[in-house]
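These notes are about the structure you will find just below.
The values are calculated or read from the model by the stated rules, or taken from the named source; none is laboratory data. In this text, all values refer to a predicted model and were calculated from it rather than measured experimentally. Here Cβ is always computed from backbone atoms with ideal geometry, including for glycine, and neighbour counts include all displayed protein chains. Accessible surface is based on the protein model in full, side chains and every heavy atom, while ligands, DNA and RNA are left aside. Shrake-Rupley method; radii C 1.70, N 1.55, O 1.52, S 1.80 Å.
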Amino acid sequence: MEDKEILALYWQRSESAIAETQKRYESSCLVLASRLLGSQEDAKEVVNDALRGLWEAIPPARPQSLGAFLYRVTRNLACKRLEFQRAQKRAPPARLCWEELAEFIGTKEQEPFEAKELAESIRRFLLGLSRQSRTLFLRRYWYCQSIGELARQFGFGESKIKSILFRLRGQLKEHLYKEGFTL
């Protein structure tokens with residue numbers, strides 16, 4: 001079933017909308033959540049919460065892409081759970097991909113308006129990249145894919161992936177500096 005048809009089910013408040021969403025997106029949401037959390041159990045809970053959140057959000061929300069909307073909800077819930085686990089000293093192993101960007105994107109203590117400006121600046125940076133570079137950047141730093149996974153998907157060696165990511169981080173640092181972000 002296509003996204004438009006599934007969205008129509010949500011608007012009709014048909015419970016089959018959830019079942020159809022699960023068929024189409026559950027496995028990829030589980031992969032995303034488990035990458036972030038390091039636990040299949042926690043990932044399953046997050047995906048279930050994301051599906052419930054989707055049910056509560058649609059309507060009134062009218063997402064252009066059901067998949068992107070669900071991935072964002074899933075990622076946000078996984079990040080919240082990770083934050084809670086860290087506060088409870090039960091954090092999974094540190095996520096190297098986030099640490100790679102930490103010096104550029106600052107900390108959570110930033111003012112909300114600064115965080116929005118930073119997000120917009122990063123969005124502009126990504127739009128200026130080639131499709132391949134943008135995809136690689138997002139898969140590493142948004143979806144937290146490992147270097148090995150990226151190497152297999154892009155058909156490159158791990159050292160080449162590391163080199164490309166190093167250059168992209170340098171370009172991001174330069175871009176942010178030009179836009180007035182000094183972290």
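Worth pointing out:
- Answer residue from segment 39-86, given it is over 14 Å from the mean Cα position of the chain (by Cα), polar (S, T, N, Q) and surrounded by 13 or more Cβ atoms within 10 Å (Cβ to Cβ) and is farthest from Y10 (Cα to Cα) among those: Q85
- Being in a helix (DSSP H, G or I), open to solvent by less than 60 Å² (accessible area, probe 1.4 Å), within 20 Å of L36 (Cα to Cα) and modelled with pLDDT of 85 or more is a property that does not hold for A102.
- Scanning segment 152-165 for residues that are open to solvent by 20 Å² or more (accessible area, probe 1.4 Å) and under 30 Å from V73 (Cβ atoms) returns R152, Q153, F154, I164.
- Number of the condition not met by E149 [criteria: (1) loosely packed, with under 15 Cβ neighbours inside 10 Å; (2) modelled with pLDDT of 85 or more]: (1)
- In segment 9-19, the residues that are in a helix (DSSP H, G or I) and open to solvent by 40 Å² or more (accessible area, probe 1.4 Å): W11, S16, I18, A19
- Among residues of segment 129-145, those that are farther than 14 Å from R167 by Cβ and free of Cβ contacts under 8 Å to residues at least 40 places away in the same chain, counted: 4
- Residue in segment 25-43 that is more than 22 Å from Q145 (Cα to Cα) and out of contact with any Cys (no Cβ under 7 Å at 6 or more places or on another chain) present: no
- Any hit, segment 110-131, residues being in a loop (DSSP other than H, G, I, E, B) and of a type in the set (D, E): yes
- If you filter segment 26-38 down to residues that are of a type in the set (S, T, N, Q) and open to solvent by less than 50 Å² (accessible area, probe 1.4 Å), you find that the one that is nearest to R13 (Cα to Cα) is S28.
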